[in-house]
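Colleague: Structure incoming, see below.
What follows is calculated from the coordinates using simple rules that are stated; it is not laboratory data. Not measured: the values here are computed from a predicted model. Cβ atoms come from the backbone with ideal geometry, glycine included; neighbour counts cover every protein chain shown.
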Amino acid sequence: MTGYGKTVLQLETKKVTVEVKSLNSKNLDLNVRIPAYYREKELKIRKRLATFLERGKVDFSIYIEETGGKLSTKINAAVVNLYIDQLKEIVNGDRTELLKMAVRMPDTLKTEREELDQDEWEQIADCISDTMTKIVTYRNDEGAVLEADFIKRIAIIRDLLKKVITIDPERIAAVKERLQKGIEELKTKVDENRFEQELVYYIEKYDITEEKVRLENHLDYFLKELSSEGSNGKKLGFISQEIGREINTIGSKANYAPMQKMVVEMKDELEKIKEQNLNVL
């Protein structure tokens, strides 16, 4: 969702700067700052921003710098002359001196409200469109970098999963050996059949076949959604949660230090994915 766009338009009497930037947000949060005489266009601007940007904390601004032409503030001649006439009734003085006094009085300056020029607005509207295109391009470039990072980290998790699968037989053998050693240390004669039943129970308890299959499927699903069209940040977040659930279950069942080490590495890569996913639409 992070992005930035800026376009400068030089008109006959003013310079117009259109600027938009966006940061991460769960929803679309718009902050629009425009001159008062463009206020009637604010709703249209907001709709265009919502269409282009969809999500994010968005700051949109139009800055105006006067470079020539008529001033919007003028001397209120009628009020100034009225002040001079009233001052003449109080004191005798040169008109220039009275004028100096009069212009310091309230309401001697008036500000004329600048009306919206439709031809000017059409140029500004094109400027806004150019700015929207720039921020979307910026976001797309950022997205391409994120996509490459996601693919790399999913590949790392998949490689770690393959290592987990490879050492799984060693883990089961280690569990059997540990249980057998524990029985021997008790120096107690045991029923072999009962021991085999207990052994099967523990092996089933520690079995991670389903978790391995589901994790593999979730990794495939993540990459599928990553390459799909349209906004998919929230869905990628949900899939990341499912990936985390399977990794955690493997870790809780592992009971084998080399496998638990790989689980920690998978969790580390997944946390990086979750952090980066906050920047995806």
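Colleague: Compare the peptides 265-275, 25-35 by average per-residue count of other Cβ atoms within 10 angstrom and give them in order, highest first.
Modeller: The peptides rank, most packed first, as 265-275, 25-35.
Colleague: Related question: Please check which bits of the stretch 133-163 a label hung off E265 would reach, taking the label as a point 7 Å along Cα-to-C-beta and the cut-off as backbone N under 20 Å.
Modeller: 149-163
Colleague: Stretch Y4-T133 to full length: gain in nm at 0.36 nm per residue minus the Cα-Cα span?
Modeller: 45.4 nm
Colleague: Choose one of L146, A125, V136: the residue whose Cα lies farthest towards the positive end of the charge dipole of the stretch 122-168 (beta-carbon charges +1 Lys, Arg; -1 Asp, Glu; about the Cα centre).
Modeller: Positive-most Cα among the choices belongs to L146.
Colleague: Please compute the modelled spin-label separation between L30 and A50, points set 7 Å along Cα→Cβ, answer in nm with one decimal.
Modeller: With each label point 7 Å from Cα toward Cβ, the separation is 0.6 nm.
Colleague: If amide hydrogens are placed 1.01 Å from N in the peptide plane, which non-local residues have theirs closer than 5 Å to the one on L30?
Modeller: V58
Colleague: Let me ask another. How do Y38, Y83 line up, fewest other C-beta atoms within 10 Å first?
Modeller: If I rank by nearby Cβ atoms, fewest first, I get Y38, Y83.
Colleague: Now for a different question. E147 to K15: FRET efficiency via 1/(1 + (r/R0)^6), r the Cβ-Cβ distance, R0 51 Å, to the nearest 0.05?
Modeller: Numbers: r = 38 Å, r/R0 = 0.74.
After rounding, the FRET efficiency stands at 0.85.
Colleague: Okay, next question. Please state the Cα pair-distance histogram of the chain with 10 angstrom bins from zero: what percent is in each bin?
Modeller: 5, 19, 15, 13, 12, 10, 8, 6, 5, 3, 2, 1, 0
Colleague: To the nearest 20 Debye, how big is the dipole of the chain about its Cα centre, given +1 on the beta carbon of each Lys and Arg and -1 on that of each Asp and Glu?
Modeller: With only Lys, Arg, Asp and Glu charged at Cβ, the dipole is about 440 debye.
Colleague: Could you check the simple spin-label distance between Y37 and D59, using points 7 Å along Cα→Cβ, in nm with one decimal?
Modeller: The modelled label-to-label distance comes out at 2.6 nm.
Colleague: Only bridges with both residues in the chain count here: give the DSSP antiparallel percent, nearest 5.
Modeller: Working: 21 of 27 bridges.
Around 80 percent antiparallel, to the nearest 5.
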